[in-house]
Every structure is written in C-alpha cells, then in structure tokens.
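Report on the following structure.
The values are calculated or read from the model by the stated rules, or taken from the named source; none is laboratory data. Computed from a prediction, not measured in an experiment: that's the story for all the values here. Every residue, glycine among them, receives a Cβ derived from its backbone with ideal geometry; neighbour counts consider all protein chains shown. Ligands, DNA and RNA are excluded from the accessible area calculation, which covers all protein heavy atoms including side chains. Shrake-Rupley method; radii C 1.70, N 1.55, O 1.52, S 1.80 Å.
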Amino acid sequence: ARCQCKVAPRERMNCGYPGISAGECRRIGCCFNASVPGIPWCFAPKAKRVRKICADDSHPRINCGYPGISAQECERKGCCFRPRPAGVPWCFYRLVVEE
C-alpha cells in the first residue's frame, strides 16, 4: 500500500497530533513523511481504488441468487451470471479488487 502514501504535500489531511512519531503514525494506519516543513507529516493515505469484477472460475463463488434464477434477474441484482460448471452457484457476487 506504499502508493497510497503518494499524496501531494498541499493535499495532505492531518492524521495525528503535533509531534507524533513515525512509528505511532504508521501504527494508526496513516502515512509519515517529514521531508516538507510546515505541512502535516502524519497524514491520511489515499483511499484505495477498487472495482467489482466477475471473477474467473478459480475463485470460490458466493451465491447471489436461488436455484433456477434467470440471467436477467441475477444481473438486475448486480451479480454475475455464468451457467457453468455444474455444482457451483451460477449467480454469484462480484469480487472486489484493488486497482
């Protein structure tokens, strides 16, 4: 998650108290960079960018429907529909992946 700490100095949101140590700052899940004076050294990381995908067949599927659900009904629920293989849910939740 190193890249989440690449925040332009002027965009840094303070995430600690004055004089916080680098170790304490990181322990509370924040970024620490003391290279620019006069701006927060302990700051909030950038939000993770995520997207939802229909995972490939190697991922376990989490059922999102019921036996006999149609592809349209499944997709209307925002889920993935793959009528194969037998023995696994054909309508399943999307997988959240970090970009």
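Can we say Glu75 is open to solvent by 40 Å² or more (accessible area, probe 1.4 Å) and modelled with pLDDT of 95 or more? For Glu75, the condition - open to solvent by 40 Å² or more (accessible area, probe 1.4 Å) and modelled with pLDDT of 95 or more - is met. Tell me which residues, restricted to segment 79-96, are open to solvent by less than 40 Å² (accessible area, probe 1.4 Å) and under 30 Å from Gln4 (Cβ atoms). Scanning segment 79-96 gives Cys79, Cys80, Phe92. Screening the candidates Arg27, Arg51 for the property of being in contact (Cβ under 8 Å) with a residue 24 or more places away in the chain, open to solvent by 80 Å² or more (accessible area, probe 1.4 Å), within 24 Å of Lys6 (Cα to Cα) and of a type outside the set (Gly, Ala, Ser) yields one hit, Arg51.
What number goes with the only condition from (1) more than 20 Å from the chain's Cα centre (by Cα); (2) not in a loop (DSSP other than H, G, I, E, B) that Gly87 does not pass? Checking Gly87 against (1) more than 20 Å from the chain's Cα centre (by Cα); (2) not in a loop (DSSP other than H, G, I, E, B), the one that fails is (2). When you look at Ser35, is it surrounded by 10 or more Cβ atoms within 10 Å (Cβ to Cβ), out of contact with any Phe, Trp or Tyr (no Cβ under 6 Å at 6 or more places or on another chain) and over 30 Å from Pro83 (Cβ atoms), yes or no? When the stated conditions are applied, Ser35 does not pass them.
For segment 1-22, the tally of residues that are free of Cβ contacts under 8 Å to residues at least 24 places away in the same chain, open to solvent by less than 50 Å² (accessible area, probe 1.4 Å) and over 25 Å from Glu99 (Cα atoms) stands at 2.
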